[in-house]
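Reviewing the structure listed below.
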Amino acid sequence: MPLTNDKNKIIEHYDVISPYYQELWGNHIHHGLWIRGDETKEQAQDQLIDYVAGKAGITAGATILDIGCGFGGTSIYLAKHYRAATTGITISEVQVQMAQEAAAKEGANSHFLRMDAETMAFGAPFDVLWSTESISHYHDRARFFSSAVKFLKPGGVFALTDWFKRPGLTAAEEKKYIAPIDEGMFVQLAEMGQYEEWLRAAGMEIVCREDLTKQCAKSWDLALDIVADPSFWVLAAKLGRDFVKNLKSFRAMRAAYTSGAFVYGMFVAKRPETAN
């Protein structure tokens, strides 16, 4: 069976589709967090960053590695609003180019590299590791976490949000709600408890673990409105079968949200000041 999170497919997908995603979503490719309920999509997306940054305790001058940075929106936001020095990595060369252009336009202290998160190499550690909806793409997440912690200063934090599946799903629920997301979005959804185990095994202390599903669900109401445009389906058909699957998985995401099978979760974990 081919991997649903095959890296070549992920690279192809984001190289081709990132300019279209930017037109659809704006500066950020990630979910929004609705607090009042009447915020715009853009306000909600900024609120998600601010919420996670608050939980992570990010301070001015922090060095941040944005792992799976997309086209750089979050890195640039953190650099501008938190006076951080940000470095973003992605496996898509197109996203690197888009991010570099955006950072130059904004005058942000943000730098971007094409790098596989599962084989990272840096000469110095960071104050903060940050990842927004990226880790579910990775092949060996236990190994990723154990490697990533090496690039975090003692006392530093790893702040992440990701897509998860609810514990205890039946085989039928997995097939109906999770498999279409895995296949269409090039991911392999795990449970939040598995991430906690991997973080602890990497020597991290869990500072915060939150289920933000209800506050983020509106993202997919808006997504379905956007992709109702027939021109997107015509484009997907021209690009190939995987792109059609991706559009179909937008509906699968909303169905999984409604059923409770899908979970949008956040972790903040800290590297101890001294080794155990």
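Bear in mind these aren't lab numbers, they're just calculated from the coordinates by the rules spelled out. All values derive from a computational prediction rather than experimental measurement. Cβ: placed from backbone, ideal geometry, glycine included. Neighbour counts: every protein chain shown.
Things worth noting here:
- Placing +1 on the Cβ of every Lys and Arg and -1 on the Cβ of every Asp and Glu, with no other charges, gives the stretch 6-64 a dipole of roughly 220 debye about its Cα centre.
- Counting only DSSP H runs of at least 4 residues, each contributing -39500 (n - 2.57), and dividing by the residue count of the chain, the helix-based mean residue ellipticity at 222 nm comes to -14000 deg cm²/dmol.
- Residues 110, 249 arranged by fewest to most Cβ contacts within 10 Å: 249, 110
- Cut-off 14 Å between beta-carbons: net charge of the residues surrounding residue 220, Lys and Arg +1, Asp and Glu -1: +3
- Over 18 Å between alpha carbons, listed pairs 153/270; 55/270; 41/176; 176/214; 9/238; 7/175: 41/176; 176/214; 7/175
- Selection from 85, 255, 113, by position along the positive dipole direction of the chain (Cβ): 255
- Loop-located GluC sites (Glu not before Pro) in the stretch 147-206, at most 12 other Cβ atoms within 10 Å (DSSP): none
- Residue 52 sits among other residues whose Cβ lies under 13 Å from its own Cβ, and their net charge, with Lys and Arg +1 and Asp and Glu -1, is -4.
- The residues 216, 208, 69, when put in order of fewest to most other Cβ atoms within 10 Å, stand as 208, 216, 69.
- Cβ-derived FRET efficiency at R0 30 Å, residue 139 paired with residue 81, nearest 0.05: 0.35
- For the stretch 31-117, trypsin sites (Lys or Arg not before Pro) are listed when DSSP marks them as loop and at most 12 other Cβ atoms sit within 10 Å of their Cβ; the list is 36.
- Taking every DSSP beta bridge that has both ends in the chain, the antiparallel portion is near 45%.
- Scalar couplings 3J(HN,Hα) for the stretch 38-48, obtained by applying the Karplus form with A = 6.51, B = -1.76, C = 1.60 to θ = phi - 60°, are 10, 5, 6, 4, 5, 4, 5, 5, 4, 5, 5 Hz; x denotes Gly and Pro.
- Its relative contact order, with pairs defined as Cα atoms under 8 Å and 6+ residues apart, puts the stretch 1-155 at 21 percent.
- Taking every alpha-carbon pair under 8 Å whose residues sit at least 6 apart, the chain reaches a relative contact order of 20 percent.
- Close amide-amide hydrogen proximity is noted between residue 156 and 271, each under 5 Å apart and 5 or more residues distant or on a separate chain (H modeled in the peptide plane; Pro and chain starts excluded).
- With Cα atoms as the point set, the chain shows a radius of gyration and Dmax of 17.7, 56 Å.
- Proxy reagent accessibility, fewest Cβ within 10 Å first, across 98, 204: 98, 204
- Amide H contacts under 5 Å for residue 88: 66, 111, 112, 113, restricted to partners 5 or more places along the chain or on a different chain, H placed in the peptide plane at 1.01 Å from N.
- Gain in span if fully extended, residue 258 to residue 113, counting 0.36 nm per residue against the direct Cα distance: 48.5 nm
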